[in-house]
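Here is the structure we will look at.
The values are calculated or read from the model by the stated rules, or taken from the named source; none is laboratory data. Because the structure is a prediction, the values reported are computed rather than measured. All Cβ positions, even for glycine, are placed from backbone atoms using ideal geometry, and neighbour counts span all protein chains on display.
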Amino acid sequence: EYTDPHCNGKQVIVHLFEWKWTDIANECERYLSHKGYCGVQVSPPNEHTIITKEYPRPWWERYQPVSYILHSRSGNEAQFKDMVQRCKAVGVRIYVDSVVNHMAGMGRQGTGTAGTHFDSDAYSYPTVPYSREHFHDDCPVNNYGDPNNVRNCYLVGLSDLDQSKEYVRNKIADYYNHLIDIGVAGFRIDASKHMWPNDLEAIQAKTKNVDGGGKALFYHEVIDQNDGAIKVNEYYDLGLVTEFRYCQKIAWGINNFGQLNGVVDYGWGMSKSDRALVFVDNHDNQRGHGGGGNLLTHKNPRNYKMAVAFTLAYNYGFTRVMSSYGFQSTDQGPPHNADYSAKDVTINADGSCGNGWMCEHRWNPIGNMVAFRNKVAGTDLNNWYDQGDVVAFGRGNKGFFAMAKQGHAQLQLQSGMPGGSYCDLVTDCKKKINVDGSGRVSVNIDNNEEPIIAIVVDVFT
Ligand code: LM2
Ligand code: CA
């Protein structure tokens, strides 16, 4: 329950951070469906604040809800529905980033993106409606050793909802059910760490089955870096949990080749594999928010490609790929027009994106590795090789992956693959890879190429 993404066994979702609904619908049809992506995590679709004070229209204004009307910087309800339906028609599901721990920050008032007037100091959210009795008393989250403080106080001054109240549970469940009726397949729960598992359980129990049957996917944002009282395993019964320690560990492993063997470190308390939502970076920590840390992002493309490709090839967790826009300031919202509406995502002749969108999910070593992960799902890791510049391993008798950090490798490695002349997935078969009758793979990686190769059964030249 709560762990099924409802996408026919596919294994990878992509966060199209701050994309408009119209662009996501197009991307499902023109790219994601063809590459085997299971679905898309979309930015919060509900009405949110319009921040102009500290910074003009920062990305984080969407983490201050004003109501559950589906009208955000990404579009309105009609556009949202159209996206859900068009994506679903091509086998791609939508997962909603849901912000239900809190409403807007204290001291903020005005009009939200759907035109609702609100006043956080008066606890006035007339469109839901929420009022004073639906919120905890105002105190700052400032003691991560104390679950009561973490869950009942105000995270960075955000007006904290009291999910122990039946009324609040119903309002949140109504929001989820509205989205399920439209056809979404699951939810990211923002700031789950700041809510009680029992309250979340009560809310999730009120949700309808998705069409086709079964509960929606829920994945909980719990930033557990062994630095506080709250642990990811408190949330195992509620769905998947974000595994932020993996972000630290994969960056370290790519920076220190020779150590990738230990990338999943249960000694660190990392989540069990069938509950872990795994990613190299997310929209928060790529810009120093939400835990931050020493991470790999699109700003370091070569190492980033290796980190994501490795993650997709490896056998840990359910994977999410990040898709970003370029930024200088950590507050900066998406590429925008003069009126601050988000710019269209344009596609260049070479398949990359224009208008400031990074589209890491389209980079060949990332987008083409989705098919690898789908193909090898459920197989064990084998034939691990890790020497000097090169890391390689197989997945059952279904796939083989190799990367060379300095960009040169010429060697024969044992695999479990049947013999044949295979297509290199990373280069869309521009490179051919030979496996002999005893399963030995000829690995050839040159400095002027992507530092990664991957082959799967049945994809021959
Ligand atoms: C999260 N985890 O549980 C995210 O990791 C975190 O990045 C989110 O904060 C947070 N939940 C709330 O959804 C982001 C952003 C903050 C931003 C909040 C609210 O990282 O910087 O805070 O969204 O928009 C902003 C201001 C902050 C201010 C707050 C309230 O940056 O200075 O606090 O609004 O007005 C006084
Ligand atoms: Ca809370």
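List of remarks:
- Here the strands (runs of 3 or more DSSP E) wholly within segment 351-426 that include at least 1 residues being on the phi > 0 side of the Ramachandran plot are 381-387, 420-423.
- Scanning segment 344-376 for residues that are exposed (fewer than 15 other Cβ atoms within 10 Å of the Cβ) and closer than 25 Å to PHE401 by Cβ returns ASP350, GLY351, SER352.
- Subset tally (residues that are surrounded by fewer than 21 Cβ atoms within 10 Å (Cβ to Cβ) and within 15 Å of the chain's Cα centre (by Cα)) for segment 261-282: 0
- Residues that are more than 16 Å from ligand 2 (Cβ to nearest atom), in contact with a strand residue (DSSP E or B) (Cβ under 8 Å, 6 or more places away or on another chain) and not in a loop (DSSP other than H, G, I, E, B), drawn from segment 49-80: GLU61, ARG62, SER72
- Some residue of segment 385-392 being under 29 Å from the mean Cα position of the chain (by Cα) and under 28 Å from SER323 (Cβ atoms): yes
- So PRO335, is it modelled with pLDDT of 95 or more and exposed (fewer than 15 other Cβ atoms within 10 Å of the Cβ): no
- Of all the numbered requirements in (1) without any contact (Cβ under 8 Å) to a residue 40 or more places away in the chain; (2) under 30 Å from ASN209 (Cβ atoms); (3) touching an Asp or Glu at 6+ places or on another chain (Cβ under 6 Å), GLN163 misses one, and that requirement is (1).
- Among (1) under 17 Å from LYS10 (Cβ atoms); (2) touching a helix residue (DSSP H, G or I) at 6+ places or on another chain (Cβ under 6 Å); (3) crowded, with 23+ Cβ neighbours inside 10 Å, the one test that TRP21 misses: (1)
- Test: residue in segment 179-194 that is within 15 Å of ligand 1 (Cβ to nearest atom), among the hydroxyl-bearing types (Ser, Thr, Tyr) and buried (at least 19 other Cβ atoms within 10 Å of the Cβ): yes
- Within the set GLY183, GLY212, the sole residue that is more than 16 Å from ligand 2 (Cβ to nearest atom) and over 24 Å from GLY317 (Cβ atoms) turns out to be GLY183.
- Conditions (1) within 16 Å of ligand 1 (Cβ to nearest atom); (2) assigned to a loop (DSSP other than H, G, I, E, B); number of the one not met by VAL156: (2)
- Filtered by the rule that a residue be closer than 22 Å to ILE366 by Cα, in contact with a helix residue (DSSP H, G or I) (Cβ under 8 Å, 6 or more places away or on another chain) and modelled with pLDDT of 95 or more, segment 262-294 gives VAL263, VAL264, ALA276, VAL278, PHE279, VAL280, ASP281, ASN282, HIS283, ASN285.
- Within segment 159-178, tally of residues that are within 16 Å of ligand 1 (Cβ to nearest atom) and either aromatic (Phe, Trp, Tyr) or in contact with a Cys (Cβ under 7 Å, 6 or more places away or on another chain) (or both): 2
- The set of residues in segment 84-125 being crowded, with 23+ Cβ neighbours inside 10 Å, in a loop (DSSP other than H, G, I, E, B) and more than 16 Å from ligand 2 (Cβ to nearest atom) consists of VAL92, GLY112.
- Any chance VAL128 is within 16 Å of ligand 1 (Cβ to nearest atom) and either crowded, with 24+ Cβ neighbours inside 10 Å or assigned to a loop (DSSP other than H, G, I, E, B) (or both): no
Residues checked against (1) among the basic types (Lys, Arg); (2) outside any helix (DSSP H, G or I):
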{"position": "ASN282", "(1), (2)": "no, yes"}
{"position": "GLN286", "(1), (2)": "no, no"}
{"position": "LEU295", "(1), (2)": "no, yes"}
{"position": "LYS305", "(1), (2)": "yes, no"}
{"position": "ALA309", "(1), (2)": "no, no"}
{"position": "LEU312", "(1), (2)": "no, no"}
{"position": "MET322", "(1), (2)": "no, yes"}
